[in-house]
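Here the structure is laid out as structure tokens; the discussion comes afterwards.
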Amino acid sequence: MTTKKRSSRAESGLVEVDRQATAILEKLWAELEEVAIENLPTGSISQDAFEVFQHHEIGWRYSILIQVAGKAASFDLDALCLQKQEGQAGQWDAREFAKRVIVPWNKSVGSPLGNSGDPYVSNMFRRPRFDDVMRKARRTPEMFDKVKGILDTVQASATAAQVSDYLKLILAQLRKYLQGKSFDYPVPQRISLHDTLECVAGYLEESSGGARLQAIAHGLVMALKAKGVAYEEVLSRHVNAADAASQSAGDVECFSGNQNVFTVEVKDRELTASEVNASIEKARLSNVSELLFFVHRKSGKLVAENDATAINEMIDIQFALGLNIYIEQALDILRLAGTLLGEEGRKDFLTLVGAALGEQGADSKHRWAWSQAVRNIGAITTNVEQGN
């Protein structure tokens with residue numbers, strides 16, 4: 001076989017390993033994002049993996065994913081190998097694999113590992129493999145031991161499926177680590193109304209069961225309060241709390257003294273008559289006089305077509321009984337409020353949405369996404385349709 005043919009075959013093999021690794025990472029991470037933190041899978045390597053993610057040296061964080069994802073994609077690879085050595089079984093170039101696969105995957109999910117474009121660039125990982133020689137050169141041998149212990153366990157796997165199971169345990173601990181992590185929200189020095197709307201619209205593109213929309217509503221009310229709107233206290237229900245358990249009148253409640261004077265219910269789907277009726281009952285039990293349905297629908301259709309007449313009748317009846325009900329498109333309200341807030345108020349709003357996500361106990365993926373949305377202001381391509 002000619003050198004050219006061998007090279008072509010080797011390149012084809014690398015492409016397939018990269019493709020497999022990326023597919024496995026995307027599949028496992030998507031599965032784990034749907035699991036509540038308290039229900040994440042755990043196993044023999046879980047505690048060590050969590051401690052690795054907590055350590056300040058980000059190289060260790062990257063290493064357990066690089067090594068295990070490589071072996072998950074190609075079972076014959078040696079999980080402890082860092083550099084190719086002629087004549088050795090299972091040899092591979094982990095550094096180049098990291099740059100081709102782990103770096104772009106990490107960026108695609110919000111860079112939870114850090115922002116390195118070359119995780120193995122340091123001398124620490126410029127070794128043939130994880131071995132005693134490498135350990136002796138480490139300032140933190142205890143972290144080396146944890147990482148090598150994980151890799152030894154993975155390398156002893158009987159099947160590729162078992163390696164994938166270990167990778168899932170590692171990713172589960174990454175998700176757990178992120179849940180307890182705080183995020184920065186780098187608000188720009190200047191923010192136009194247009195950029196504010198683009199930022200919010202882009203953030204709301206991904207479905208979140210109402211968590212993201214609730215934070216937008218909460219942040220907006222807090223920004224209005226900071227501007228002098230007469231709310232003495234603003235409360236927001238935990239995103240996972242049931243209405244009955246929380247005993248709240250809605251998703252966001254605004255108080256003057258002990259009186260709930262304004263309540264917001266957020267909906268990221270068409271509003272139904274049964275939902276309006278349930279919210280009315282909660283509002284009346286709490287003596288609320290102003291109830292806003294803060295609805296985000298790209299189609300602009302806010303209420304279910306078959307329920308429109310019934311909902312309008314409810315609104316008329318409740319007005320006569322002392323309850324004002326409003327059903328409005330979220331971005332329309334934000335456009336008007338963002339104008340009245342002015343530039344400083346819009347900057348406050350962006351910061352307060354981040355604070356609201358934390359107060360609501362929102363999942364780390366939603367907090368990180370808001371951090372990225374704010375960070376990328378000025379480079380956002382989402383189009384905000386007028387009136388939607």
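The values are calculated or read from the model by the stated rules, or taken from the named source; none is laboratory data. Quantities reported herein were computed from a predicted structural model and do not represent experimental measurements. All Cβ positions, even for glycine, are placed from backbone atoms using ideal geometry, and neighbour counts span all protein chains on display. With ligands, DNA and RNA removed, areas are computed over all heavy atoms of the protein, side chains included. Shrake-Rupley method; radii C 1.70, N 1.55, O 1.52, S 1.80 Å.
DSSP beta bridges fully contained in the chain are about 45 percent antiparallel. Ligands, DNA and RNA left out, the 1.4 Å accessible surface of the range 83-163 is 47% carbon and sulfur atoms. Computed over the range 43-175, relative contact order equals 38 percent, with contacts defined as Cα pairs under 8 Å that lie 6+ residues apart. Rounded, prolate or oblate for the range 140-191? Axes are the square roots of the Cα gyration tensor eigenvalues, ordered a ≥ b ≥ c, and the cut-off for rounded is a/c under 1.5. It comes out prolate by the Cα gyration axes. Before anything else, pin down the relative contact order of the chain: Cα pairs under 8 Å, at least 6 apart, normalised by residue count, whole percent. Computed over the chain, the figure is 18 percent. Accessible surface computed residue by residue for the chain, with neighbouring protein chains in place and a 1.4 Å probe, gives 48 Å² per residue.
Only the Cβ atoms of Lys and Arg (+1) and of Asp and Glu (-1) were treated as charged; on that basis the dipole of the chain about its Cα centre amounts to roughly 1980 debye.
With r as the distance between the Cβ atoms of residue 319 and residue 227 and R0 = 30 Å, compute the FRET efficiency 1/(1 + (r/R0)^6) and round to 0.05. Mind dumping the intermediate values first?
Working: r = 28 Å, r/R0 = 0.93.
That pair, residue 227 with residue 319, gives E of 0.60.
Taking a ≥ b ≥ c as the square roots of the eigenvalues of the Cα gyration tensor, the range 159-260 is oblate, since a/c reaches 1.5 or more and a/b is not larger than b/c.
The portion of the accessible surface of the range 248-303 made up by carbon and sulfur, rounded to a whole percent, is 46 (1.4 Å probe; DNA, RNA and ligands excluded). Springs between Cα atoms under 10 Å define the GNM used for the chain, and in it the highest mean-square fluctuation of 78, 18, 93 occurs at 93. Helices in the chain, meaning DSSP H runs of at least 4 residues, each add -39500 (n - 2.57). Divided by all residues, the mean residue ellipticity at 222 nm is -17000 deg cm²/dmol. Three semi-axes describe the equivalent ellipsoid of the range 117-165; taken as square roots of 5 times the Cα gyration tensor eigenvalues and ordered largest first, they are 23, 14, 9 Å.
In the chain, which helices (entire DSSP H runs) extend 30 Å or more along their own long axis, judged by Cα positions, while averaging at least 1.0 on the Kyte-Doolittle scale?
TM-like helix candidates: nothing returned.
Within the listed set 284, 126, 139, the Gaussian network model of the chain (springs between alpha-carbon atoms below 10 Å) gives the highest mean-square fluctuation for 139.
Rounded, prolate or oblate, given the Cα gyration tensor of the range 62-124, with a/c below 1.5 counting as rounded?
prolate
Farthest towards the positive end of the charge dipole of the chain, among the residues 327, 350, 70, is the Cα of 70, using unit charges on the Cβ of Lys, Arg, Asp and Glu. Note on the chain: dipole from Cβ charges, positive end direction compared against 378, 288, 162; the farthest Cα belongs to 162. Here the relative contact order of the range 261-383, from alpha carbon pairs under 8 Å that lie six or more residues apart, stands at 22 percent.
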